[in-house]
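Only one structure is covered here, and it is reproduced in the block below.
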Amino acid sequence: MIKYADLSKYGSIIEDIELFIDALPVEAVLLSPGKEVVAGNQPAVEKGLIDGVKCHKGWVNLDNPCPWCLAGETIKSGEVVDHIVCAGFDDQGKMIVVEKDGIIIDAHWYPVAKDLYIHFVGICHKEPELREEAYKNIKALLEVLSPENPGYADDSINSIIKAAEMQP
């Protein structure tokens, strides 16, 4: 994990977060409440999610938050927020939520402290072998993040599968 800020005030939990983030096969970042990147894994850095960049600017080059962003809920409630959405682009190339023919985006926000949260996004592919691999990775991560709720990972994966099956 590449750190852009001194995270020592959070103690040993940063070591666990670092292991988790570095194990993710997708871009994963630690964000401030203002959605600025304070740390990220190698895929995030390669995507442009670097020091101080807002997540929506680094991920999809938007000047404003993604239309499905639920980071505010995580910040307000201090609880995990998972959201599955079908995204596409309008005629001007702006990312929007669509009913069909889009990309299934599986977005996650996990609070670490009052002023820090993990954010990562999984893309659910239409190709069966890629989709199955994505489900397997997401389920493994959810099991690590929610050990107190063993059914949570299965429920989340079932929701993702249902959303993907709605795609033409």
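Annotations for the structure displayed:
- For the range 2-126, the extents of the C-alpha atoms along the principal axes are 45, 31, 27 Å, listed from largest to smallest.
- Pair A113, E99: separation of 7 Å Cα→Cβ label points (nm): 4.6
- Mean Cβ count within 10 Å, highest first, over the residues of peptides 71-77, 9-15, 54-60: 54-60, 71-77, 9-15
- Here the simple spin-label model places points 7 Å from the Cα toward Cβ, and for A5 and E73 these points are separated by 2.3 nm.
- Summary value for the range 2-126: 21 percent relative contact order, contacts being C-alpha pairs under 8 angstrom separated by 6+ residues.
Every number here is computed from the coordinates shown, using simple stated rules; none is lab data. Here the structure is a predicted model, which is why all the values come from computation and not from measurement. Because the Cβ atoms are built from the backbone with ideal geometry, glycine has one as well, and the counts that use them run over all protein chains shown.
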